[in-house]
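Enquirer: Just dropping this structure here.
The values are calculated or read from the model by the stated rules, or taken from the named source; none is laboratory data. Predicted model, so just to flag it, every value in this text is computed and none were measured. For neighbour counting, all protein chains shown are included, and Cβ atoms are generated from backbone atoms with ideal geometry for every residue, glycine included.
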């Protein structure tokens, strides 16, 4: 897989192992994660992250999950992916079996559950703050002003 990293770096003109949040880096790292998981489903997100210089499991899962969105945003990823798949001999497709498909789906669902739990927690906090304001406010004008401030802070 190091050869794949080298090939992506060579074609892209960047080092995807560099800790950089610019979209060009993020998108190409996501391509690497995508190719690793599609063509080597037994390769864990943790191992993929270590190959890229120490990214954690959650970051690699996020990259895999969002790769399709990145492809729509940056059309050059499609061309890069095709070049790598067609011309790079290290990539050999492996057939997914049912267990691999289910494990991948489970990983994605766990990530989504975590995101939803955080969103629910945030919404509950906002609701509690609004309830406190209503209970402790005697002046409707001040209440409206404070509610508007809460709405602006949470956009």
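Enquirer: Consider residue 66 carefully, then state whether it is more than 18 Å from residue 105 (Cβ to Cβ) and surrounded by fewer than 19 Cβ atoms within 10 Å (Cβ to Cβ).
Expert: Here the answer is no, as residue 66 does not meet what is asked.
Enquirer: Something else: From the list 148, 103, which one is assigned to a helix (DSSP H, G or I), out of contact with any helix residue (DSSP H, G or I) (no Cβ under 8 Å at 6 or more places or on another chain) and over 16 Å from residue 64 (Cα atoms)?
Expert: Criteria check complete, one pass: 148.
Residue by residue, here is whether (1) within 27 Å of residue 103 (Cβ to Cβ); (2) part of a loop (DSSP other than H, G, I, E, B) holds:
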{"site": "4", "(1), (2)": "yes, no"}
{"site": "9", "(1), (2)": "no, no"}
{"site": "17", "(1), (2)": "yes, yes"}
{"site": "34", "(1), (2)": "yes, no"}
{"site": "37", "(1), (2)": "yes, no"}
{"site": "46", "(1), (2)": "yes, no"}
{"site": "59", "(1), (2)": "yes, no"}
{"site": "63", "(1), (2)": "yes, no"}
{"site": "67", "(1), (2)": "yes, no"}
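Enquirer: Considering each residue of region 13-39, count those that are surrounded by fewer than 19 Cβ atoms within 10 Å (Cβ to Cβ) and modelled with pLDDT under 90, and give that number.
Expert: Number satisfying all stated conditions: 2.
Enquirer: From the list 92, 82, 155, 122, which one is at pLDDT below 80, under 20 Å from residue 39 (Cβ atoms) and loosely packed, with under 12 Cβ neighbours inside 10 Å?
Expert: Numbers: 82 fails: at pLDDT below 80; 155 fails: under 20 Å from residue 39 (Cβ atoms); 122 fails: under 20 Å from residue 39 (Cβ atoms).
When all the criteria are applied, what remains is 92.
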